[in-house]
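Only the coordinates and a few stated rules stand behind these numbers; no lab work does. All values derive from a computational prediction rather than experimental measurement. Cβ placement follows ideal geometry from the backbone for every residue including glycine, while neighbour counts extend to all protein chains displayed.
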Amino acid sequence: MGDVTTDTGPYTALLPDTQLPEGGRRICLRENGEAVALFRWEGRVYALSNRCVHRGGSIGDGALANGVITCPMHDWEFRISDGRCVDNPEFALKTYPLVVQDNMIKVRFEDT
């Protein structure tokens, strides 16, 4: 991983852009061990916490369809665009801002 600073803060390079195909998902680990799930849907890339707010399941291991990821543990569904639970929008996964720069997907974490 490498870091870059933009006018909106530091971004951490997580994955080469070419390794996330359309409709794909990947789980990346930050240097602190936290898992982040990356998704590409309809040409856009999204970054979400990989930990389901319901029971802690691995979001990146779920099924992705129509911009919705389904947690493999208990079938809770979340929109990847904003992290909100489809059935109960009070619950949401943490989302992260990102850029695709120099052929790398780079994510901004609030704690860096």
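Protection proxy ranking for 91-98, 20-27, using the average of other Cβ atoms within 10 Å per residue and placing the highest first: 91-98, 20-27.
Using a 10 angstrom cutoff on alpha carbons, build the Gaussian network for the chain and name the most mobile of R44, R30, R84. Largest GNM mean-square fluctuation: R44. Placing dummy labels 7 Å off each Cα toward the beta-carbon, the span from F91 to D17 is 3.5 nm. In order along the stretch 39-54, the phi-based Karplus estimate (6.51 cos²θ - 1.76 cosθ + 1.60, θ = phi - 60°) of 3J(HN,Hα) comes to 9, 10, 9, 6, x, 10, 10, 10, 10, 10, 4, 7, 9, 5, 6, 7 Hz; Gly and Pro are listed as x. Where the alpha-carbon atoms of the chain are placed on the principal axes, they occupy 37, 28, 22 Å, in descending order. Amide H to amide H distances under 5 Å link L93 with R84, C85, where only residues 5 or more positions off or on other chains count and H is placed in the peptide plane.
Say we join alpha carbon atoms closer than 10 Å with springs in a Gaussian network model of the chain; which of C71, C28, C52 then has the biggest fluctuation? Greatest mean-square fluctuation among the candidates belongs to C28.
Note that the stretch 76-88 has calculated 3J(HN,Hα) couplings of 5, 10, 10, 6, 6, 5, 9, x, 6, 5, 5, 7, 8 Hz, one per residue in order, obtained from phi through the Karplus relation 6.51 cos²θ - 1.76 cosθ + 1.60 (θ = phi - 60°); glycine and proline are x.
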